[in-house]
1. Report the Cα centroid-to-centroid distance between the range 128-149 and the range 12-45 in angstrom, as an integer.
2. Between exposed trypsin sites (Lys or Arg not before Pro) in the chain, where DSSP calls loop and at most 10 other Cβ atoms lie within 10 Å, what's the longest gap?
3. Could you pull the accessible area for Ile22 with a 1.4 Å probe, rounded to 10 Å²?
4. Estimate the FRET efficiency between Glu31 and Ala234 by the formula 1/(1 + (r/R0)^6), using the beta-carbon distance for r and 35 Å for R0, to the nearest 0.05.
5. Relative contact order of the chain: what whole-number percent is it, with Cα pairs under 8 angstrom and at least 6 residues apart?
6. Sort Met174, Met88, Met217 by heavy-atom solvent-accessible area, probe 1.4 angstrom, most to least.
7. For the range 153-288, report the accessible area per residue in Å² (1.4 Å probe, heavy atoms, rounded to an integer).
8. Roughly speaking, what is the centre-to-centre gap between the range 256-278 and the range 72-106 when only Cα atoms are used, to the nearest Å?
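The values are calculated or read from the model by the stated rules, or taken from the named source; none is laboratory data. In this text, all values refer to a predicted model and were calculated from it rather than measured experimentally. Because the Cβ atoms are built from the backbone with ideal geometry, glycine has one as well, and the counts that use them run over all protein chains shown. Quick note on the areas: whole protein, heavy atoms, side chains included, nothing else; ligands and nucleic acids left out. Shrake-Rupley method; radii C 1.70, N 1.55, O 1.52, S 1.80 Å.
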Amino acid sequence: MNEYWSARVDAAVNAAKGDVSIEDLPIRTNETSNAYSVRFNGVGDYPLYAYLHIPKSPGPHVPLFQAPGYGSVVGVPLYERRAAYVVMALCHRGQRLANSRYDAAYPGLLTDGLPGEDTYVWGDIVSDCITAIQILLQQPNIDASRLAISGGDLAFITAALTDGVHALHSGGLMFADIDNRVAGDPDYPLAEFNDFKRTYPDDWDEARATLDNYDPMALVSDVSAKKVLFSTGAGEKDYYDQLAAGLSGQATVGINLGKGHLDHIAQEDWLANACGVEKGPAHYPRKS
């Protein structure tokens, strides 16, 4: 872990030692799990929010951190996940329910605070995730040795910065292979990098140096997860194969079919098998 991240990890872990409020969320409780609202402060005393779901079945349960995606709203965790894991879904600073001091812009968040390392907002966003993981691991009746993380860039980065991760499912990495991808006139959100280059051409070199801290290839050697699944399209398979080759754990590169339900089933099956849990009771096709 380089100096850029070590200071942020230390601050995030310390933030998790503060007050945590956990309140019943009856509207999201169902027949398989109890739902809770979790409120706590991240680095800089920033107020954060997370959904927490705890299965009604006997534990200990696998803790699953569902990293936020790139969007303004974080949804309640999937029905089958709520039944099988103690799952936390964080709203990082700027997202709905955690936007009391700052509203994230979409598009715009991907370059917010560039070019400087100290001003780039993603440093604080990653810290939010690390703080949330520490709070998840404080919950009773969990098996911390089977910590799982799922999501995009924030899942991959936090897995590289967190000890003791058992399973990681990630894909759709925005910080992957930036130079080659922005040269190909990409869609948003990657097009935000080109917007920045056109608007602030003299600052791009400094911004690019800041973004190196988020480069998956630079972080891959720090990912100690025992089991990893990368989900990707066929066109990016070579990159993810290289990423998988840099891992110390058992790595699988899964090619998405472009059929949402079937891809979802394959990913959830992998996660359940990797964590040694029974698959949730819904959203799986009936066996004939």
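1. 12
2. 1-258
3. 80
4. Efficiency for this residue pair is about 0.35.
5. 16
6. Reading off the accessible areas and sorting them downward yields Met217, Met174, Met88.
7. Spelled out: the 1.4 Å probe surface of the range 153-288, per residue, equals 50 Å².
8. 21
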